[in-house]
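*Asks:* I have a structure here, written as structure tokens, and I will follow up with some questions on it.
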Amino acid sequence: MNALLELLGERGSLDVEEAATALEVSAATMRRDMDALAQQQLLTRTRGGAVLSAVTYDLPIRYKHGHRTEEKAALAEAAAAMVEPDSVVGLSGGTTTTEIARALVSRPDLAEPGPQPRLTIVTNALNIANELAVRPQIKTVLTGGVAHSRSFELTGPFSELMLHQITVDIAFIGANGLDAQTGASVHDEAEARINGLMAQRAARSVLVLDSSKIGTRCFARIGGPELFGTLLTDSGMTREAGEEFIRQGMRLELAPAPADGPPPAPGR
């Protein structure tokens, strides 16, 4: 059901056969799951399928975290290990970058109390800012802008104006797809613009996404090797895809399998 809600959040509407094929279940199972979620008012059933309901703003945080959880946790630990204390870190919206925020605040060296914050995090994601705002060791900077109801991301000219006034040491940018020809992409053009601008403002920009999204092309392009110096993904990526991204000039970082444990953070 979590995967169904994530897929519906991305596409806006689904028919039973389409959803059953995508999630590798029977049509009968898909109908039962859609009916169960409709009873919870998490989607609206249509003739032969389902559409988003009025509570779709809850879906990214309440449900998307259940998809490929272990891979995203490993990516988050690997990303957090790239960050030095006292850095300015940019985080786009998304479930993987939300996990990165959580991994950063869990690092003991960044949790030590002191007269000044140990880290500055700049984000356009309302949910990330909400989680970080209660932590005094983190200086949280929210870009401002217009909130996107399906992703909790702030976009628009106010976000752009703020980002043009700052610099970031390292930015972690999520995406819905990565294709060797198109580069990184998302479903919404306003989010793509803000994600690209945040990457531009960073001394080091890292594209972070799980390997299931590689080979996928979405509506709005963020950018490719001209924007992202590093690709952080998991070991599920094929050798051929990895070699192509390296050939294009990107540095490839593979998160360890969850059983291997997280890499050590700088200074630990």
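Coordinate-derived values only; no laboratory data. Quick caveat: nothing in here was measured; it's all calculated off a predicted structure. FYI the Cβ positions are ideal-geometry reconstructions off the backbone, even for glycines, and counts take in every protein chain you see.
*Asks:* Report the label-to-label distance for F219 and Q39 in nanometres (one decimal), using points 7 Å from each Cα along the Cα→Cβ vector.
*Replies:* 3.3 nm
*Asks:* Also: Using +1 at the C-beta of Lys and Arg and -1 at the C-beta of Asp and Glu, which of L37, G224, L161 has the Cα lying farthest in the positive direction of the dipole of the chain?
*Replies:* L161
*Asks:* From the backbone phi of region 207-218, what are the Karplus-calculated ³J(HN,Hα) couplings (6.51 cos²θ - 1.76 cosθ + 1.60, θ = phi - 60°) in whole Hz, Gly and Pro given as x?
*Replies:* With coefficients 6.51, -1.76 and 1.60, one gets 8, 10, 6, 6, 5, 5, 8, 6, x, 9, 10, 10 Hz.
*Asks:* Right, another one. Between R251 and R32, with labels modelled 7 Å along Cα→Cβ, what's the label distance in nm to one decimal, could you check?
*Replies:* 5.0 nm
*Asks:* Hey, another quick one. Compare the Cα positions of F172, G90, G249 along the charge dipole of the chain (+1 at Cβ of Lys, Arg; -1 at Cβ of Asp, Glu; about the Cα centre) and return the one farthest towards the positive end.
*Replies:* Comparing the listed Cα positions along the dipole, G90 ranks first.
*Asks:* Once you charge only the Cβ atoms, +1 for Lys and Arg and -1 for Asp and Glu, what is the size of the charge dipole of region 76-167 about its Cα centre, to the nearest 20 debye?
*Replies:* 180 debye
*Asks:* What are the ³J(HN,Hα) couplings of region 93-104, residue after residue, when phi is run through the Karplus curve with 6.51, -1.76, 1.60 and θ = phi - 60°? Round to Hz, x for glycine and proline.
*Replies:* Result, ordered by residue: x, x, 6, 5, 5, 4, 5, 5, 4, 5, 5, 5 Hz.
*Asks:* Where both partners of a DSSP beta bridge lie in region 141-206, what percent of those bridges are antiparallel, to the nearest 5?
*Replies:* The answer is about 55 percent antiparallel.
*Asks:* Can you compute the modelled spin-label distance between E240 and E17, with each label point 7 Å from Cα toward Cβ, in nm?
*Replies:* Distance between the two pseudo-spin positions: 3.0 nm.
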